[in-house]
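Since the structure comes first, as structure tokens, the remarks are kept for the end.
The values are calculated or read from the model by the stated rules, or taken from the named source; none is laboratory data. Everything quoted here is computed from the prediction, not taken from an experiment. Positions of Cβ are generated from backbone atoms using ideal geometry, with glycine treated the same way; all protein chains shown enter the neighbour counts. Please note that ligands, DNA and RNA were not included when accessible areas were found on the heavy atoms of the full protein model with its side chains. Shrake-Rupley method; radii C 1.70, N 1.55, O 1.52, S 1.80 Å.
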Amino acid sequence: MAVSTWTTDDEHYYIWNGEVRIPKTFDPASKAAVIMLGPPGGVAQIPALVKGDPGKHAEIDSTIVLNALAYNDPTADSATWTTITPGDYTTSPVYRLTLNIHKGAPGTSGTSTILTASDVTGTATDGYLLSKKVGSAQATWIAPKVGGQYWPATIANTTDTDGSARTLCSVSISPAPAFDYRLRVHAQSVITSSGSDSRVDLIARVGTASGGDVVGRGFGLAGSTDRVLLVSGVPAGSASTVGKISAGTATVVYLRAEQQASTTQTFTTSKSTTTFMVEVVPIP
């Protein structure tokens, strides 16, 4: 191609003057042809394109960088690709996506009704909790089944008690618990007897001092001095109602020292070596 055939009209374009030749073997249906550009006095050819070797496919990094913009941030939403690993004919390029997206605008605050909901029964009493009723799609207000500990204000000394029984102290349980419950009792006392034939038990009774249900007992040993530990529990074989207190019912628990073996020998206890505590245990 003669250089003199290429001229420029400005700094942006080349101008070519010459002939264009298309081989007669060209098939118009193929929509592709080899063309030859001929300057005056010569022929120049632009070769057909040749398919190259397969390249490496691009890979997308699994990590997406998400920048959550405030709903009123003036920054525009955008998505950009960052090259993590440059590619070549043997290495796949790796790209990572970065998104800048606005959060949604705050919605209008809603309202919720619990105390007067149609699927809630009972009275919304202070301190009560909602519980699903067994076999029902409704909930009901119930008192939380939480017990507590109680102890006596004073404990009496006993001196030369005859061979019967003596109430050492009592603990009152208010009617506050709104659930059925039982009592767990703990006690100890040092009992000094006047003779070796005396045996004294510590007994916790509920309801009445002399004939109330036994809810705890400590078995004493015959001898002049004995430290008796009371353990909570009702006698074996007792009915299920023994020691059970109905919801909302007040009661009194008595700690008693009761002579078991002798009716003539006396015994003595001291408030300084006697303790008593009662726990309320809700019934499931």
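Scoring W151 on the criteria (1) open to solvent by 50 Å² or more (accessible area, probe 1.4 Å); (2) touching a Phe, Trp or Tyr at 6+ places or on another chain (Cβ under 6 Å); (3) in contact (Cβ under 8 Å) with a residue 40 or more places away in the chain leaves a single failure, condition (2).
Answer with yes or no whether K51 is in a loop (DSSP other than H, G, I, E, B), modelled with pLDDT of 70 or more and of a type in the set (D, E, K, R). So K51 does not fit the description; no.
Would you point out the residue of the range 76-110, among those that are more than 19 Å from K56 (Cβ to Cβ) and of a type in the set (G, A, S), that is least open to solvent (accessible area, probe 1.4 Å)?
Here is the first cut: in the range 76-110, the residues more than 19 Å from K56 (Cβ to Cβ) are 76-80, 97-110.
Then keep just the ones that are of a type in the set (G, A, S); that gives 76, 78-79, 104-105, 107, 109-110.
On the way: A76: 70, S78: 45, A79: 66, G104: 64, A105: 74, G107: 69, S109: 107, G110: 73 Å².
Taking the candidates together, the pick is S78.
Output the residues belonging to the range 165-187 that are more than 41 Å from the chain's Cα centre (by Cα) and either at pLDDT 90 or above or under 16 Å from L229 (Cβ atoms) (or both). Of everything in the range 165-187, those that are more than 41 Å from the chain's Cα centre (by Cα) and either at pLDDT 90 or above or under 16 Å from L229 (Cβ atoms) (or both) turn out to be T167, L168, C169, S170. Please enumerate the residues belonging to the range 54-75 that are surrounded by 10 or more Cβ atoms within 10 Å (Cβ to Cβ) and more than 26 Å from G104 (Cβ to Cβ). Once the filter is applied, which keeps residues that are surrounded by 10 or more Cβ atoms within 10 Å (Cβ to Cβ) and more than 26 Å from G104 (Cβ to Cβ), the range 54-75 yields G55, K56, A58, E59, I60, D61.
Which one of these is under 29 Å from the mean Cα position of the chain (by Cα) and surrounded by 11 or more Cβ atoms within 10 Å (Cβ to Cβ): A124, A137?
A124 is the lone residue from the list that is under 29 Å from the mean Cα position of the chain (by Cα) and surrounded by 11 or more Cβ atoms within 10 Å (Cβ to Cβ).
Evaluation of R166 against the conditions (1) part of a loop (DSSP other than H, G, I, E, B); (2) open to solvent by 80 Å² or more (accessible area, probe 1.4 Å) shows that the sole unmet condition is (1).
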